[in-house]
Amino acid sequence: MRLFPETAEADAKRIIVAKGLRAIGDGYVSLVLPAYLLLLGYSAVQIGALMTATLLGSAIMTFLTGMITARFGTKRPLLAASALMIFTGLGFALLHEFWPLLLVAFIGTLNPSAGDVSMFLPLEQSLLARSVGDKDRTLLFAFYSVSGSLMAAVGTLVASVSDFGPRSLGISQLDTMRLLFVVYALIGAAAALIYRRVAEPSAGSSEKPHTPLGPSRSMVYRLTALFSVDAFGGGFTVQSILALWLFQTFQLPVSLASTIFFWTNLLTAASYFIAVPIARRFGLINTMVFTHLPASFCLVAIPFIPNLSVIVALLMLRSLLSQMDVPTRTSYVMAVVTPPERAATASLTAVPRSLASAISPIIAGYLISLSSFGWPLLISGVLKAGYDLTLLAMFRHVRPPEEKTDAPRPA
């Protein structure tokens, strides 16, 4: 069985390769960023504010993606996003003052989490959704997610260069971190070269042009409201915030934190493939909820545990479970809307993962500055558990076509 249809195979592979390449940069930047800002003398509140700016800017661009693709297609916006990635890396390498960095964070593509929250996400999702039929859609999105997590894991190991590089190369730790931001810009340039070869749908394509939301509007709005709660909770525990909490509470060096997050990202990558057979057996919604809920309980438990080894074990368990909902959620959302609405839907449902989560880091930074108790983790776990239970109650009977041929259509 082919994963990709013959006509779309090349573009689907290009998107997955580009996703993995960008994830290397996201992986190490999410760890280097808080350490770099601490070396520059910024407080936990200022670091949280910069993370909020990155997510808020990404949210606005993501919200506009549906309209942008309707006018310009997908290829040119992907190239523009790559240019912003280059600008972001060079900006953080060359600028040191808070307000200029805040502006670069807002405009650019910097990602405080190991996952993707930028405008790249809905653009790539809409391209992948047209590449396969219903049967293989979840598996394709699993490959897409695995590419991101595996390469993000590699990226977290790259972050350890900021500890070992100064000793082996004779340069300062701060300068090593600046060089890593330059590399981030180079990754953006490499991604642009890949996106240049992506084809737009031909004029004679059977796929209709991207349109604003129509018959699926009610369904998408309800999902968006729920994703807002999940994203707001997730903003308290983006990888940069977790790293900041570990740096401040346990005085971890970047190299040790990079090892921890390498394994968490590796477990996350494994979970994407595990999610596919589970989803085929138990359904997309059940997989999303009953893997995500135990992961939320892990977050609730961590602040009450003083032992670092136990905390790391719970973080590992959470990583194995918490992201199984990513390919299943994406597959589910793409399944319950009409094909012409997919780009607008991907844009609108992606907004909460950056807009709602944009509020949380600055609050988390403030809480970390007040106490070493893991308030951000506790709040995140409670909110996410509430999201899981509400999602199950509202959508357990709304099934995608591959699960039930007479599944309810969007209202």
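Tabulated data for the structure shown
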{"read-out": "Once exposed loop trypsin sites (Lys or Arg not before Pro) are cut out (DSSP; at most 14 other Cβ, 10 Å), longest piece of the chain", "value": "198-395"}
{"read-out": "Separation of the LEU174 and LEU193 label points, Cα + 7 Å toward Cβ, nm", "value": "3.3"}
{"read-out": "Among THR156, ALA12, VAL146 - extreme Cα towards positive end, dipole of the chain, charges at beta-carbon", "value": "ALA12"}
{"read-out": "Full-stretch length increase - SER255, HIS397 - with 0.36 nm per residue and alpha-carbon distance subtracted", "value": "46.5 nm"}
{"read-out": "Alpha-carbon centroid distance for the pair the range 215-294 / the range 45-85, whole angstrom", "value": "21"}
{"read-out": "Positive-pole candidate from GLY73, GLY91, SER357, dipole of the chain, charges at beta carbon", "value": "GLY73"}
{"read-out": "Gain upon complete extension [VAL182, GLU9; 0.36 nm per residue less C-alpha separation]", "value": "59.1 nm"}
{"read-out": "The range 294-402: chymotrypsin sites (Phe, Trp or Tyr not before Pro) in DSSP loop, at most 14 other beta carbons within 10 Å", "value": "PHE373"}
{"read-out": "Value of relative contact order over the chain, rounded to a whole percent, pairs C-alpha under 8 Å and six or more apart", "value": "29"}
{"read-out": "Förster radius 45 Å - calculated FRET efficiency between LEU94 and PHE273, Cβ distance, rounded to 0.05", "value": "0.65"}
{"read-out": "Test item: Cα-centred dipole of the chain, Lys/Arg +1 and Asp/Glu -1 on Cβ, debye", "value": "640"}
{"read-out": "In Hz, Karplus ³J(HN,Hα) per residue of the range 145-157 (6.51, -1.76, 1.60; θ = phi - 60°; x = Gly, Pro)", "value": "5, 4, 4, x, 5, 4, 6, 5, 4, 4, x, 4, 5"}
{"read-out": "Helix 284-301 axis, angle to the chain major axis (alpha carbon atoms, nearest 10°)", "value": "20"}
{"read-out": "Residue order, fewest to most surrounding Cβ atoms within 10 angstrom, among GLU9, GLU124, GLU97, GLU403", "value": "GLU97, GLU9, GLU403, GLU124"}
{"read-out": "Answer label for Cα extents along the principal axes in Å (calculated), chosen among (1) 62, 57, 42; (2) 60, 44, 37; (3) 79, 53, 40", "value": "(2)"}
{"read-out": "Relative packing of peptides 45-51, 59-65, 98-104, 25-31 - highest average C-beta neighbours within 10 Å first", "value": "25-31, 45-51, 59-65, 98-104"}
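Any read-out appearing in this document is the output of simple, stated calculations on the displayed coordinates, not a laboratory observation. Just so we're clear, the structure is a prediction, and the values are computed from it rather than from any experiment. We place every Cβ from the backbone using ideal geometry, glycine too, and count neighbours over all the protein chains shown.
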